[in-house]
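Contents: one structure, followed by commentary.
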Amino acid sequence: MSTIVLYSINRTAQTTVRQCLIPYSKGASRVDSHLSVFLKTSVRRLTSLPRVKWVPNATGVRFMSLGTAGRTAPGRTRRGAVLVAGAAATVAGFVASATHFQRAEMASVIPKTEEEDTEIAEKCKTFMSPPCTDVKVLQQRKEEMCTRMEMLIMETQAEFCRALEEVDGGKFKVDRWERKEGGGGISCVLQDGRVFEKAGVNVSVVFGNLTEEAAKQMRSRGKVLKGKDGKLPFCAMGVSSVIHPTNPHIPTVHFNYRYFEIEEGDGTKQWWFGGGTDLTPTYVNKEDGAHFHNSLKEACDKHHPQYYPDFKKWCDRYFYIPHRGETRGIGGIFFDDLDSPSQEEAFSFVKSCAHTVVPCYLPIVQKHLNDPFSPEEKDWQQVRRGRYVEFNLVYDRGVKFGLATPGSRIESILMSLPLTAKWEYMHEPPKGTLEADMLEVLQNPKEWV
């Protein structure tokens, strides 16, 4: 798939046009009529990117095109939003070979207006909280990836929280926090609700220097990290959510979408995206599984037909509890270290996935809102939650990274744990029961699409 990227001498106009072609959300502010006319007449003049070659690898999938993916040479980036005043480094937006517009044409069609400066500010008013980075800084750096990703994760948090509030009737507690080593976040938690026993949707934007333990984890995944004087400056941002419903017939859902950037000793920057969405039901429901996986497949297919099958397998492998011999749930998609075919393509894919969170889960919640359940079914849910805790504390990469990072907010890291759970000695469901059917699926992952 080719992505059209506009580049012009007028960087303000460049940013405006890119944001029109690749809006942050369905609720993005409308384009002025004169800009709409400009787009219709100008897009035909663009030169699309070269075709991309698909190359599979051992850990998932990867694109190869346009030089070295995921790396930016020294001197070719600008400082991003969270690098200002001691914040972390960001990578400049990917610029492809595209038709250059004449300065005179751009000046005549897109005059400088206050709207360009207020667009981000207006979007920020719709969030659960002001963003982690100062709004004025975001406006100044609105074309850069760190700004675009922060806006996306803030938007995703707000959209999901409000959808859950509408179903539950309760309100999320919004908790802003700061990390003295650099950065901070916004935790939104709804507890003891009518529908959700515990629901958390977190955003974080943090920066600083990687600890040796955190760097060791990354090197174990094949990352070549070359620091200077023993230091590796990093910037990490993402949105993460875990929803634990009260009713055992409503499944638990988890999603996480993140961006990571490291500046090496020579000034070169490595960047990559990661994330995924997965479902953990207490009981097997084929219709729910098919809806959930089909929604994710549609989002993946917009970008490459191999994304869903490969990332589905990756999800089944990642959310596996070796000491139990079973998966945490029925999966979904999972990917990490995505640094190709280009930064723009990778971001576009992550954006599609983030926009799928509500439609893949809320219909399942609505379907089972009034399902009756017995004390025995509630007990089985508690046992399954125990398995959820085991995975998160022993194997989850995000939890391990957070606990290994100085100044991390423990409450936000452990937000993923359920409010209640149980462990029964030598628990095994009787054969032929619905509980045994669920265990069979977890021990032998199936295809849902």
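The values are calculated or read from the model by the stated rules, or taken from the named source; none is laboratory data. Since the model is a prediction, treat every value here as computed from it, not as a measurement. Every residue, glycine among them, receives a Cβ derived from its backbone with ideal geometry; neighbour counts consider all protein chains shown. Ligands, DNA and RNA are excluded from the accessible area calculation, which covers all protein heavy atoms including side chains. Shrake-Rupley method; radii C 1.70, N 1.55, O 1.52, S 1.80 Å.
The numbered conditions (1) within 12 Å of residue 273 (Cβ to Cβ); (2) in contact with a His (Cβ under 8 Å, 6 or more places away or on another chain); (3) of a type in the set (A, V, I, L, M, F, W, C) are all true for residue 347 except (2).
Looking at 430, 359, 363, 418, just one residue is open to solvent by 50 Å² or more (accessible area, probe 1.4 Å), of a type outside the set (Asp, Glu) and not in a helix (DSSP H, G or I), and that residue is 430. A Cβ distance below 7 Å, combined with a sequence gap of six or more or placement on separate chains, defines the contacts here; from region 416-439, residues that are under 22 Å from residue 403 (Cβ atoms) reach residues that are surrounded by 12 or more Cβ atoms within 10 Å (Cβ to Cβ) and polar (S, T, N, Q) in the pairs 416/392; 417/392; 419/191; 421/382. So, in region 187-208, of the ones that are in a loop (DSSP other than H, G, I, E, B) and open to solvent by less than 50 Å² (accessible area, probe 1.4 Å), which residue ends up nearest to residue 408 (Cα to Cα)? Per the criteria, the residue is 193. Restricting region 366-376 to residues that are open to solvent by 40 Å² or more (accessible area, probe 1.4 Å) and either assigned to a helix (DSSP H, G or I) or touching a residue at least 24 places away in the same chain (Cβ under 8 Å) (or both) leaves a set whose member that is farthest from residue 169 (Cα to Cα) is 376. On the given criteria, is residue 159 touching a residue at least 24 places away in the same chain (Cβ under 8 Å), open to solvent by 10 Å² or more (accessible area, probe 1.4 Å), out of contact with any helix residue (DSSP H, G or I) (no Cβ under 7 Å at 6 or more places or on another chain) and assigned to a helix (DSSP H, G or I)? The answer is no for residue 159.
In region 263-296, which residues are assigned to a strand (DSSP E or B), closer than 19 Å to residue 319 by Cβ and open to solvent by 10 Å² or more (accessible area, probe 1.4 Å)? Passing the criteria: only 280.
Every listed requirement among (1) out of contact with any Asp or Glu (no Cβ under 6 Å at 6 or more places or on another chain); (2) surrounded by 16 or more Cβ atoms within 10 Å (Cβ to Cβ); (3) at pLDDT below 95 is met by residue 184 save one, (1).
Being open to solvent by 40 Å² or more (accessible area, probe 1.4 Å) and not hydrophobic (A, V, I, L, M, F, W, C) is the filter; apply it to region 379-406 and report the residue that is farthest from residue 280 (Cα to Cα). Going through the qualifying residues, I end up with 406. Is it the case, given these coordinates, that residue 142 is open to solvent by 10 Å² or more (accessible area, probe 1.4 Å), under 23 Å from residue 261 (Cα atoms) and assigned to a helix (DSSP H, G or I)? Here the answer is no, as residue 142 does not meet what is asked.
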